[in-house]
Every structure is written in C-alpha cells, then in structure tokens.
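The values are calculated or read from the model by the stated rules, or taken from the named source; none is laboratory data. What you see is a predicted model; the values in this text were computed from it and never measured. Cβ coordinates were reconstructed from backbone atoms using ideal geometry, including for glycine residues, and neighbour counts include every protein chain displayed. Only protein heavy atoms, including side chains, enter the accessible area calculation; ligands, DNA and RNA are left aside. Shrake-Rupley method; radii C 1.70, N 1.55, O 1.52, S 1.80 Å.
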Amino acid sequence: MERINVMRPYLGREEAEAAMAAIESGWVAQGPRVADFERAFAELVQAEHAVAVSSCTAALHLALVAVGVEAGDEVIVPSFSFIATANAPTYLGATPVMVDVDAKTGNITPETVAPAITGRTRAIIAVDQGGVPLDLAPLRALADEHGLALVEDAACAAGSTYDGAPVGSGADATAWSFHPRKLLTTGEGGMVTTDDPERAARVRRLREHAMDVSAADRHQSVLAPAEQYLEIGFNYRMTDIQAAVGIVQLERLPGVVERRRELVARYRAAIADVPGLRLVEDPPWGTTNYQSAWVEVGEGYPTDREGLLAALAAHGISARRGIMAAHRQPAYAHLGLDDAALPATAALTDSTLILPLYHQLQESDVDRVAAVLRDPGATP
Ligand SMILES: *Cc1c(COP(=O)(O)O)cnc(C)c1O
C-alpha cells in the first residue's frame, strides 16, 4: 500500500537551474533577483510596492512597524491561525487581543472584531485562513471608523481572489509566506506588499539594518559612500538564490491553483452525499486557492475527527489536524482566554482535518482518500 502524504512542495528542474544561475553569478545575497521577484510579485497581486523578506513572520513584524504599532498597543488577531500571527505584535511589546472567527470560513468578521476594540487598539491583523479569502470591505469600514490600521496576513493566500481581484489589496499592508507548506515556495521567504510608498520604504530599510543605502546599491559604486543607520533595524533579507526560485514558482502559480481546485472538486463530488462531513468551499465574495482542503467532521458522521484521522492512517493516508488555536498554547496562557470566549475557534480546531492535496496528487489518490471518508470503518 503506497503512502499518501498530506502535502509535497512542487519544485522542478527550472527552479534548480535558476538557483544555480544565481550561484554562478557570484551574487547570492539580496540583489537583482530579489528586485525582479518583487516586481513580478507586485504585478501578480496588483500592489504598488512589494518588499521581499526572510519569512512571513518577518513580514508581519515589519508590516506592524510600518503601520505604527508600538509597545503598549493592542492588536486584534484571530486565535484561529498559525501562532506567528499573534507573535508579530508580541515582538513589538504590543498585546495580541484574540477574537473568534466565523464558523463557516474560519476568518474574522466585524461581528467578532468590534467587541474587542478599545481605546488602546491600534491595528487589526486579518487572516485569509487556509487560503479562504476574508470579506475585507466590511472590516476595512470598521477599521476606518475607529482609525485602526488593517494588516492582512495572506501567508496562505497567493492565488486566492477577493471581489474579482487578487487578495491583499484592500489592507494597509499585506504579508505573504513562501514556506514550503504554502503554494509558492522559496524554501523560506516572505513579502510585504502595500500601496503606500512611505510604508514600503520603511520596510525596505528595516529589513536591512535600517541602512540608508542598500548593500546592493553600495556595491554598484567603486568607492562606496559611508552608510548611516537611521533606526534599529533587522536582518530580514531574502537571498538572490531564494528569489531565483521564487521567480520560477510565480510562473507556475496559476497552474498550481487550477490543479488544486480540480482535485478539490473531485473530493467534493465524491463526498457530497456523506452526512456530517463539510468540505471548505469558496465564500460568496471570492475564490480560495485551497492552500488547505479541510473537512469538518460533524454530527451524523460515524466517527469523530480523531477516529477519521486514525482510519485514514490505517489506509496509509497522512492527514493532519486542522488549524491551531493560539489561545490554547502555553506561550499565550498569560492571556487567560478559555474556549468559552472563542466557541467557533474551539469547534473548528477540534473538528477539522486537512486532506492530502498537492500538485502531483493523482485522481486515483483522491479516490483512495475519498473511499475512506465515505466509509471510515472499512478494513484496510
Ligand atoms: C505559514 C503562516 C505564517 C508564517 O509564515 P512563515 O513564512 O513560515 O513565517 C503566518 N501566518 C499564517 C496564517 C500562516 O499560515
């Protein structure tokens, strides 16, 4: 019985050749390929500016600095997210205020956010969880009404759309991830996009020790001018080797999204009549890239989430528990939040699982997984 993994990155010879060309060029740190990758990415997501960094976690950190978050501020975040979403404000000495999500999409809404707004709130981080686009316009209106910055954590959402356009353009700054778990990978990597030139310039500076000229620019002149360090910065640079890979990955993205949507449609057709199983779907306002194809195991299904995970494992299929709830982690025990305050988050975290989905997955693999979903009691 051949094992089916939950995910696999999709990288080919073209990425290897692009990385080799960067190495052979002799310029491997942040340089011309990073600049090319930024231009191509900005075009893809229809942003005025894109600044490449070493991870989405770094992108979130710098995006928060760029919108003015400071120590002592409160930043509203969903608990239902990878922990980096909550860590970013914590790095700045701000408090992540964790709110609940919509039970259907897994994303925050004005209804979950509004009660958490206080006089100390400075920003909201809105996540397109698992690639499902959040309904940004009503959140934007709420943020504007209260004078709050809106940062979008689109780590999972390259290739997802909102209102007919790529996600991310309605926020003050948007953070993206190129970790191998996402659709588009550079090994590790991230990006900040924004339409605001001053915010972009600040992020560009902060990723590189807040130097007033970049190392790449200094290298252009034979007699390099003395640089100045304008504030306390970071080393959050992406390398040109990574960017070379990213440029190739960008070209693959439309095909990758299309393939994932085909495979999910096959899952959907196969389990449509199974009571108690709900497969994530497009919301009315956009399309998901299906970064995570999750099912919710509910009433009427013959077993619970743990039972289904075990049944899949017995058939050689590796699925994963759904998205985490940051409020349950020891790192955030000091916030003193319990499940009663975040009921939809608790329910989704406990009852969802992520199905195998990646570009190279075959129709026959989907059918094998779906057979277990239809009859988790079948003997392997
Ligand atoms: C993956 C992920 C991150 C972190 O991305 P890195 O590039 O690994 O730092 C942040 N937020 C969300 C929602 C994610 O899924």
Total charge dipole magnitude, region 1-130, about the Cα centre, Cβ charges on Lys, Arg, Asp, Glu only, Debye to nearest 20: 240 debye
Bins of 10 Å from zero: percent of alpha-carbon pairs in region 306-380: 17, 37, 25, 17, 4
Of every Cα-Cα pair in region 1-115, the percent that sits beyond 22 Å: 58 percent
Span-rule helices in the chain, defined as complete DSSP H runs reaching 30 Å or more along the axis (Cα) with Kyte mean at least -0.5: 240-271
Hull-based mean projected area of region 142-285, where the convex hull spans the alpha carbons, in square nanometres: 12.7 nm²
For the chain, convex hull volume per residue from C-alpha positions, Å³: 136 Å³
Charge sum, other residues only, whose C-beta stays under 13 Å from Asp135's C-beta, Lys/Arg counted +1 and Asp/Glu -1: -4
Residues of region 76-150: accessible area per residue with a 1.4 Å probe, Å²: 32 Å²
Sequence ranges 79-91, 357-369, ranked by mean other-Cβ count within 10 angstrom, highest first: 79-91, 357-369
Rg/Rh (Cα only; Kirkwood hydrodynamic radius) as it applies to region 93-217: 0.99
Cα pair distances in region 253-374, grouped into 10 Å bins until the bin that holds the longest one, percent each: 12, 40, 31, 14, 2
Linear extension gain, Tyr229 paired with Ala313, 0.36 nm per residue minus alpha-carbon span: 24.9 nm
Of all accessible heavy-atom area on region 196-316, the percent that carbon and sulfur account for (1.4 Å): 54 percent
